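Below: the structure, in structure tokens.
The values are calculated or read from the model by the stated rules, or taken from the named source; none is laboratory data. Given the structure is predicted, the values throughout are model-derived calculations rather than measurements. No Cβ is skipped: glycine too gets one built from the backbone with ideal geometry, and neighbour counts run over all protein chains shown. We work out accessible area using only protein heavy atoms, side chains counted, and drop any ligands, DNA or RNA first. Shrake-Rupley method; radii C 1.70, N 1.55, O 1.52, S 1.80 Å.
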Amino acid sequence: MVRRKINSTAAGEAETLLEKGATRKRFSNAGDVDHDSKRQRPELKERTDYSRWRMRDDHGRHTWHYLEDDGQVKNWPQSYADKYYLGLPLDLPELTKPKEPLDAVQNGLEFFKKLQLQGGHWGCEYGGPMFLLPCVVLAWYVTKTPIPWYYATEIKNYLFARAHPEDGGWGLHIEGETSVFGTVLNYTVLRLVGVDADHPKMVKARATLHQLGGATHAPHWAKWWLAVLGVANWDIVNPVPPELWLLPDWVPFAPWRWWIHIRQVYLPMSYLWSRRWQAEETDVLRSLRKELFVEDWNKINWSAHRNTIHPRDNYHPKSWLLNVINSLLVNVWRPIFRTQALADKAEAWVMRLIEMENENTDHADLATVSGPMNLVALYARGGPDSYAVLRHKERSHEFLWVKDEGLLANGTNGVQCWDTAFAIQAVMDAGLTEDPRYRTMLLKALEFLDDQQIRENVKDQKKCYRQTRKGGWAFSNKDQGYAVSDCVSEALKSVIILQKTPGFPTLIDDQRIFDAIDTLLTYQNPNGSCSSYEPPRAGPWMEMLNAAEVFGRIMVEYEYPECTTAVVTALSLFHKHWPHYRAAEVERFVARAVAWIKTAQRPHGGWYGSWGICFTYATMFALESLSSTGETYATSSHAKRGCKFLLSKQRPDGGWSEHYKACETGEYYEHPTGSQVVMTAWALIGLMKAKYPDKEPIKRGIRLLMERQQPNGEWLQEAIEGVFNKSCMISYPNYKFTFPMKALGMFARRYPDETVV
Ligand code: LAN
């Protein structure tokens, strides 16, 4: 059983070879990265041959493969999707130029259809954050995982492509200004994959890093990684005591109350902190001690730099309370009261929680920070050969993505369910679900959602503090298995829409739909709103304990208009078709949720968005919530103010273009590069949902969407679309298809006689 699983992916191939002791044979000729300080480091190649990369989809598990063998290349041709991801020409014919918005949707679908994967969903790069690839590569390095030359080469290419054009450093995310966090970690990655310290780009990046104060000025997470590498002393890392997990549940700040991401990250972080675990020394690690610091490494007063941080990295300065707690933990708790027995007990419980995460996700883990960190913790616990370590290594490949610029790490193991749900809805909004041209595509998409529905709650749900999830959908895939309020909702809506369309089969029976509803109904907060993974388990005051410095709003769940709206619309659609199932609860839920939406409106009329940029995104959702209970421009002052807000931001060319600075500051900012198709689509959808009566401004936006569409039906990538924790941006490349198509389709149905261009 174990063996079969381990054999199942590309990484599996590597691991199996590793077990057989054949790794060297496979990788050494190819110049894989060498971790043994006694051996010579290989030369990196300029680039790989892009015609040899393939993305394999196995039930929504995505892994990239580089085919070195010509026979394999022939037997496994590149798909359109592969070529598209890699930026290779698709050679698709020009389509008839659209006259009407509906033609534009059809051209868009013609293109998008070709990108559908065999398993019925869509793939995409899900990059943006610049600290994720380091998590994967550093975890591999310290666990002595061979990194094949083609990965190393494309990692180098990606990081060089994404270095700041002027100062050569890296930011928190791809569009951000250079920070110590981004530069320390990505510089380290480059060195570990074999780039020389004398490389001109490294010299430049190092100079920038030193100007910013060097690694002593890095934020907590970077210091933690450097301590794990042995490039910094553990004394520079603010405390991450695992014994917090021993606190009784009633304690107001007990970790089970934190936001799921922070509590999952805290587990391996605290385990390794507690053990002060460090990787085996190598030449390159020794050299990094000289390269990353301005100070003479041997003379650094490590503990004096626990709180040193460059202002650019200090988005959320630590509270006075946290500083006091940290200092007590360092000076009193650890040296005087923390017995070994207590540390052992805490480590054991934290490890047990990691093991439960292993079981519940088949070692895929929640996301790209906790996953790699868990790998290191499991390696530190049981050495290189345990099943948990091997399976983690194998699954870590699912975080990776290859694109024209090189190889990066995605924010999660993909966007499968989420993008598929929106693709179905775009077709629905255009009234094309019964069109035979899209039947196969839609049927495959439905089959995918059928396959990906989560059928059971996690084992020991209470013990590991997980939310009910039965009947739900995750953002990415079932393996990851974390239901999210809006992911469940969007997937459920799409399933209902298709299953209620004549000619589509009922793959998901009523009971499974009810399971989804039962889970959704657990998501409402006392004030009527919805959060993401769980209802909040503590208040925003918990940010006083936010130690990460680089992110805001990370410690607990908050209330989100986006998530709330998704649940409202899913419940409303469900209620229409099943008017008797938990009817009173459903109605009450919707009424309270919409009432909450009104309270969250800002004085300027917009709503603050937490997962897309920013007011435009959330205002679209909020207006949809209002319209679901009949509140539109004509009937509701809230809808009216929302429309006015959007219209006040329309640009002379008819588009919208909010900049990510809005997420950081809470004020609307214009993007310097001008109108963006995704943002324009969001604003138009919001206006149309609110039934804004004047079609002229809407028509101008629609015209912009049509003008930006390429002759083959696609739209090109523009500025970054998504965000998390206020400060970090993340790409949603499929939004440039799904939202413009939705907006165009809605327009076509509302104004069937308009030609626009
Ligand atoms: C995501 C991606 C999807 C997103 C939506 C469904 C769009 C949203 O409506 C709810 C929240 C959710 C599920 C979400 C939460 C935070 C994630 C997982 C991410 C933005 C993708 C990456 C991010 C994760 C926290 C990255 C790792 C970084 C840490 C700070 C731990």
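Taking the C-alpha atoms only, the angle from helix 260-275 to the longest principal axis of the chain is near 0 degrees. Counting only protein heavy atoms and a 1.4 Å probe, tell me what percentage of region 411-566's accessible area is made up of carbon and sulfur. Looking at region 411-566 in its full context, I get 51 percent from C and S.
Taking the Kirkwood radius as Rh and the Cα radius of gyration as Rg, region 259-363 has a ratio of Rg/Rh equal to 1.01.
Quick check: the angle from helix 370-382's long axis to the longest principal axis of the chain, C-alpha only, nearest 10 degrees? Once rounded, the angle reads 30 degrees. For region 624-678, which whole-number percentage of the solvent-accessible area (1.4 Å probe, protein heavy atoms only) is attributable to carbon and sulfur atoms? Taking all protein chains in place, region 624-678 shows 49 percent carbon and sulfur surface. Please report how far the C-alpha centroid of region 683-719 lies from that of region 51-71, rounded to the nearest whole angstrom. Here the answer is 36 Å between Cα centres.
Sorting the Cα pairs of region 215-306 by distance into bins of 10 Å, from 0 upward, gives 16, 43, 27, 12, 3 percent per bin.
In percent, rounded to a whole number, the relative contact order of the chain is 16, using alpha-carbon pairs under 8 Å and six or more apart. Ranking of ARG512, ARG582 by solvent-accessible surface, largest first: ARG582, ARG512 (1.4 Å probe, protein heavy atoms only, all chains present).
If one puts a single equal scatterer on every Cα of region 349-504 and applies the Debye formula without solvent, what log₁₀ I(q)/I(0) results at q = 0.18, 0.19, 0.20 Å⁻¹? The computed values of log10 I(q)/I(0) come out as -1.05, -1.12, -1.18. Taking only the Cα atoms of region 421-514, the ratio Rg/Rh comes out at 1.02, with Rh defined as the Kirkwood radius.
Using 0.36 nm per residue and subtracting the Cα-Cα separation, the extra length available between HIS59 and VAL332 on full extension is 93.2 nm.
Taking only the C-alpha atoms of region 68-160, Rg followed by Dmax gives 18.4, 58 Å.
The residues of the chain present an accessible area of 36 Å² per residue when probed at 1.4 Å with all protein chains retained.
For the listed residue pairs LYS393/LYS742; LYS113/LYS726; LYS470/LYS736; LYS403/LYS726; LYS97/LYS742, the alpha carbons are over 29 angstrom apart in LYS393/LYS742; LYS113/LYS726; LYS470/LYS736. Using only Cα positions of the chain, each an equal point scatterer, no hydration layer, compute I(q)/I(0) via Debye at q = 0.11 Å⁻¹ and quote the log10 values to two decimals. Here the Debye-derived log intensity ratios amount to -1.26. Peptides 165-177, 241-253, ordered by how many other C-beta atoms sit within 10 Å of their residues on average, highest first, read 165-177, 241-253.
Taken along the Cα-to-beta-carbon direction at a fixed 7 Å, the label points for ASP694 and LYS290 span 6.8 nm. Relative to the longest principal axis of the chain, what angle (0 to 90°, nearest 10) does the C-alpha long axis of helix 695-708 take? Relative to the chain, helix 695-708 is tipped by roughly 50 degrees.
Highest mean packing first, where packing is the average number of other Cβ atoms within 10 Å per residue, the peptides 641-654, 399-412 line up as 399-412, 641-654.
Think of it as helices only: each DSSP H run of n ≥ 4 in the chain is worth -39500 (n - 2.57), and spread over all residues that comes to -14500 deg cm²/dmol at 222 nm. Only lysine pairs 8 or more places apart or on separate chains count here, and in region 208-363 those with Cα atoms under 28 Å apart total 6. All distinct Cα pairs of region 447-566 go into the 1/r average, and the inverse of that average, the Kirkwood radius, is 15.4 Å.
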